[in-house]
1. Could you grab me the full set of residues in region 307-336 that are under 20 Å from residue 358 (Cα atoms), over 18 Å from the mean Cα position of the chain (by Cα) and either in the same structural domain as residue 185 (by TED's automatic domain parsing) or of a type in the set (Val, Ile, Thr) (or both)?
2. If you go through region 88-97, how many residues are without any contact (Cβ under 8 Å) to a residue 40 or more places away in the chain and either under 19 Å from the mean Cα position of the chain (by Cα) or closer than 20 Å to residue 187 by Cβ (or both)?
3. For residues that are hydroxyl-bearing (Ser, Thr, Tyr) and either under 30 Å from residue 355 (Cβ atoms) or not in a helix (DSSP H, G or I) (or both), tally how many sit in region 41-58.
4. Working only within region 139-150, note down all residues that are closer than 12 Å to residue 101 by Cα and in a loop (DSSP other than H, G, I, E, B).
5. Return the pairs, sorted by first residue and then second, in which the second residue is acidic (Asp, Glu) and surrounded by 16 or more Cβ atoms within 10 Å (Cβ to Cβ), the first residue lies in region 5-25 and is touching a residue at least 40 places away in the same chain (Cβ under 8 Å), the beta carbons are less than 7 Å apart, and the residues are 6+ apart or on different chains.
6. Looking at residue 292, is it part of a helix (DSSP H, G or I), touching a residue at least 40 places away in the same chain (Cβ under 8 Å) and surrounded by 21 or more Cβ atoms within 10 Å (Cβ to Cβ)?
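The values are calculated or read from the model by the stated rules, or taken from the named source; none is laboratory data. Computed from a predicted structure; not experimentally measured. Positions of Cβ are generated from backbone atoms using ideal geometry, with glycine treated the same way; all protein chains shown enter the neighbour counts.
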Amino acid sequence: MTDWSAVRALFPALEKQVYLNTAGGAPIPRRTADAGKRYYEQTFRDGDVHWDEWLQQVEETRRKAAALLNTSPVNVAFMSNCSAGLNIAAHMLRGRGGVITLADEFPSCTLPWLQLGFEVTFVETDRRGHVSIEEIEAAITEETGVLVISHVQYKTGFRHDLTGLGRMCRENGLAFVVDATQSFGALPIDVTAAGIDFFVTSSYKWITSGYGVAILCIGDAYLKSEAFPAVGWRSAAEPYAMIFDRLDLSEAASALEQGHPPFAGVMSLSASLDLVELIGIAQIEARILELTRYMRDRLGEHEIGILSTTDPDHLSGITIVDVANPQAIVAYLKKRNIITSTRGDGIRVSLHYFNDYEDIDRLVEELVTVVDAGIDAVPETH
Ligand SMILES: Cc1ncc(COP(=O)(O)O)c(C=O)c1O
């Protein structure tokens, strides 16, 4: 049995506020902050003498990330952000045909393909984010070559079935690109079982490791160096041979890092991956879903609606609460130290494993107060 209050105590940011905005950006645990600080402290004290050690730590983190995703370290690259990884995917898929994605996807899932002149088809979803695999499949034409989708949608919290989508992609010969920024660290993901060709995630949300690093994971079929759109000294098969007058490139995904990876970010990520390993990703998912169901029941008791799916197969840590004037209510909640955000047509509430029942009770209590007071009369607080 996980001691959730001990886990919560690892996140000091939760002491002074009700933090319900992991979908925007999560607080980080003490160990993660310490890992990043340790790198800066070392270079502050000693200069570059720990360089070998830092590079070893990067490889160790690569192994940890690969293990959590059920892939091999050779398939994993570190980027500075998720959008950079999606751009690499778009460049490597040039000539593959048109792209299918969803209407209202996160812009970094669509803009790189539009920028490169891909024909992009946007499949509509309903207001709660629902779209079936069959509806997506129906949009495929002879020209289609790629599906780009977020595992969990940032505006609705709708969680897609990666295994089913992956199967559909294979049956139709599509490359499968997944942005897991709203699920990595919260829900189990098996890149191999789902047949994901390009997997990308940021690290400052559900994996709780702050800004500055992202993960790009590329399937074996695409690890061909002639297709790499950007290379540098660390892309070489033997980087320390310093060969500059001919191409002899590595075919590991790390070649796409080009130069040094962002050390501090990678080290922080490493500490957060350890925490996920310690708690267990299945336990984390179960906790998130348990808290999400509790919140929805409590809202239901007060007849406050939601704009997210209620289908248990598609739940995530994100719920959009249906209120008029969400901006004013988010601002009101903030004054009461309850941190949420506006997305979709309501308030986006994110519940992570470090939240608890009391957080939810506080939120519901305040929401009931403002809803009862009438939306145009959001009480002023000082
Ligand atoms: C689905 C999704 N992808 C990507 C991002 C942004 O990632 P980055 O800033 O690392 O490129 C966000 C941020 O909200 C997101 O929700």
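1. 321, 329, 330
2. Result for region 88-97: 1.
3. Here is the first cut: in region 41-58, the ones hydroxyl-bearing (Ser, Thr, Tyr) are 43.
Next cut, either under 30 Å from residue 355 (Cβ atoms) or not in a helix (DSSP H, G or I) (or both) only: none.
Number satisfying all stated conditions: 0.
4. First, the residues of region 139-150 that are closer than 12 Å to residue 101 by Cα: 139-140, 144-150.
Result: 139, 140.
5. The qualifying pairs are 8/356; 18/359; 20/359.
6. Numbers: part of a helix (DSSP H, G or I): yes; touching a residue at least 40 places away in the same chain (Cβ under 8 Å): yes; surrounded by 21 or more Cβ atoms within 10 Å (Cβ to Cβ): yes.
So residue 292 passes the test.
Each row is one residue, and each column tells you yes or no for (1) of a type outside the set (A, V, I, L, M, F, W, C); (2) buried (at least 18 other Cβ atoms within 10 Å of the Cβ).
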position	(1), (2)
151	yes, yes
165	no, yes
185	yes, yes
193	no, no
213	no, yes
216	no, yes
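Results for (1) closer than 15 Å to residue 203 by Cβ; (2) buried (at least 20 other Cβ atoms within 10 Å of the Cβ); (3) free of Cβ contacts under 8 Å to residues at least 40 places away in the same chain, shown as yes or no for each residue.
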site: 40; (1), (2), (3): no, no, no
site: 43; (1), (2), (3): no, no, yes
site: 60; (1), (2), (3): no, no, no
site: 63; (1), (2), (3): no, no, yes
site: 72; (1), (2), (3): no, no, yes
site: 77; (1), (2), (3): yes, yes, no
site: 86; (1), (2), (3): yes, yes, no
